[in-house]
1. Output yes when any residue across the range 133-140 is open to solvent by 60 Å² or more (accessible area, probe 1.4 Å) and at pLDDT 95 or above, and no when none is.
2. Among the residues in the range 59-68, are any of a type in the set (A, V, I, L, M, F, W, C) and open to solvent by 40 Å² or more (accessible area, probe 1.4 Å)?
3. Residues being under 17 Å from ASP28 (Cα atoms) and open to solvent by less than 30 Å² (accessible area, probe 1.4 Å): count how many of those fall in the range 69-85.
4. Quick one: is ASP104 open to solvent by 70 Å² or more (accessible area, probe 1.4 Å) and of a type outside the set (A, V, I, L, M, F, W, C)?
5. VAL119 fails exactly one of the following numbered conditions: (1) farther than 27 Å from ASN46 by Cα; (2) open to solvent by less than 20 Å² (accessible area, probe 1.4 Å). What is the number of that condition?
6. In the range 1-54, which residue that is without any contact (Cβ under 8 Å) to a residue 60 or more places away in the chain, assigned to a loop (DSSP other than H, G, I, E, B) and hydrophobic (A, V, I, L, M, F, W, C) is surrounded by the most Cβ atoms within 10 Å (Cβ to Cβ)?
Amino acid sequence: MKTITDLFDYLPHRYPFLLVDRVLEVTDGERIRGYKNVTINEPFFNGHFPGHPIMPGVLIIEAMAQLSGVLAFDSKNRRPADGFTYYLAGTDKARFRRPVVPGDQLMMESRILADKRGVMKFDCQAYVEGNLACSAEITCMEREL
């Protein structure tokens with residue numbers, strides 16, 4: 001398990017753009033599970049949408065990409081402090097099944113599909129109360145800073 005303070009060693013993101021609260025389990029080179037607690041205090045809810053707050057789909061994708069980044073760093077035994085980062089390079093097959101609203105816990109899973117020459121592809125899902133909210137294939141590229 002990795003707490004929010006542990007995640008600071010894995011991800012360069014900080015508030016308001018750190019979108020993973022905790023990692024529950026990691027199997028290096030294979031898969032990861034973690035979550036984001038969605039609260040009304042999120043700054044994007046001010047405009048998305050007033051009176052009907054919904055987490056933007058692009059931020060759900062970003063949350064899954066961040067979780068995948070933790071898996072990539074752990075699998076390669078590297079950290080941003082070592083001079084490396086992972087950039088979101090693409091998404092494929094993204095599907096949104098239900099809205100994510102304040103009070104939800106976005107439970108996310110990511111599994112490595114491919115790892116070739118610094119490019120990693122992940123199969124990702126995000127659930128709320130066991131119901132699929134979003135799925136996508138996410139591609140990240142490793143870069144030395």
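The values are calculated or read from the model by the stated rules, or taken from the named source; none is laboratory data. All figures in this text were calculated on a predicted structure; none of them were measured in a lab. No Cβ is skipped: glycine too gets one built from the backbone with ideal geometry, and neighbour counts run over all protein chains shown. The area values use the complete protein model at the heavy-atom level, side chains included, leaving out ligands, DNA and RNA. Shrake-Rupley method; radii C 1.70, N 1.55, O 1.52, S 1.80 Å.
1. Restricting attention to the range 133-140, the residues satisfying the condition of being open to solvent by 60 Å² or more (accessible area, probe 1.4 Å) are none.
No: zero hits.
2. As a first pass, look at the range 59-68 and keep what is of a type in the set (A, V, I, L, M, F, W, C): 59-61, 63-65, 67.
Checking which are open to solvent by 40 Å² or more (accessible area, probe 1.4 Å) leaves us with none.
Within the range 59-68, not a single residue is of a type in the set (A, V, I, L, M, F, W, C) and open to solvent by 40 Å² or more (accessible area, probe 1.4 Å).
3. So the answer is 6.
4. Numbers: open to solvent by 70 Å² or more (accessible area, probe 1.4 Å): no; of a type outside the set (A, V, I, L, M, F, W, C): yes.
Judged against the criteria, ASP104 is not a match.
5. (2)
6. Of everything passing the filter in the range 1-54, LEU19 is surrounded by the most Cβ atoms within 10 Å (Cβ to Cβ).
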